[in-house]
Amino acid sequence: DRSTASLSRAVVAALTESDASAAVALAGECSRTTHQSPLVVDACRYLAAMLSGVLKGDARALAEPPYSPHAGFWNAKPLKPEVAALKAGPAEPAVEGAPAPADAIRLLDRVRRIVVAGERFEAALQAAVTNAPDPAAYGAIAGALAGGARGLRDVPTPLLGSLQRRELLDEQLTRILGRRAHAPTEAAPAGSPGA
């Protein structure tokens, strides 16, 4: 089972934890509650690492995979080869017809490359959901990565205005980002860049 259903939990883990190691560990554990496939767990872990990097403004987070928040990050618990081998380059065009079955690794691969291509928020979402096997999951992850990478300035004002309970969303996001801003930054191990 390579279901996409638990990927959204990685987004919550990355928002909740300011430390990339903690976010990655939490994302994996959150997936295990319903999706224990090692590939799905690692897809969640990798998504949490990318989102942690994006939220810290690390330009490498969406660049050529595999992304590591610091040197040796994946040494203790390496990613499965299928996750570590996500492709670089532009996303493959959506193929008309019956979409392939939902697959967490395929979702990460496609969505990451769409966001890297630099399309505006709405265009990235549209590209992600077009002929996707699980449009809701593809759109949610594309929105999280694109929104995290580019911020609210790239989200059209009418789209923000159409959100229900916007004040609650703003309050929660302010609380989460405020907590992240005041948390100590993760220290890279001795001998790694920036240590």
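The values are calculated or read from the model by the stated rules, or taken from the named source; none is laboratory data. No experiment lies behind these values; they were computed from the predicted model shown. All Cβ positions, even for glycine, are placed from backbone atoms using ideal geometry, and neighbour counts span all protein chains on display. Accessible surface areas use protein heavy atoms only, side chains included; no ligands, DNA or RNA. Shrake-Rupley method; radii C 1.70, N 1.55, O 1.52, S 1.80 Å.
Observations, loosely collected:
- If you go through the stretch 118-163 and keep only what is buried (at least 17 other Cβ atoms within 10 Å of the Cβ) and outside any helix (DSSP H, G or I), you end up with 119, 132, 134, 155.
- The conditions of being small (Gly, Ala, Ser) and either over 14 Å from the mean Cα position of the chain (by Cα) or over 22 Å from residue 104 (Cα atoms) (or both) are met by residue 161.
- Qualifying residue in the stretch 16-32 (condition: touching a residue at least 60 places away in the same chain (Cβ under 8 Å), surrounded by fewer than 17 Cβ atoms within 10 Å (Cβ to Cβ) and under 14 Å from the mean Cα position of the chain (by Cα)): yes
- Among (1) open to solvent by less than 30 Å² (accessible area, probe 1.4 Å); (2) among the hydrophobic types (A, V, I, L, M, F, W, C); (3) over 20 Å from residue 15 (Cα atoms); (4) free of Cβ contacts under 8 Å to residues at least 60 places away in the same chain - the single one residue 105 does not satisfy: (4)
- The stretch 54-79, residues that are open to solvent by 60 Å² or more (accessible area, probe 1.4 Å), of a type in the set (Gly, Ala, Ser) and modelled with pLDDT of 90 or more: 76
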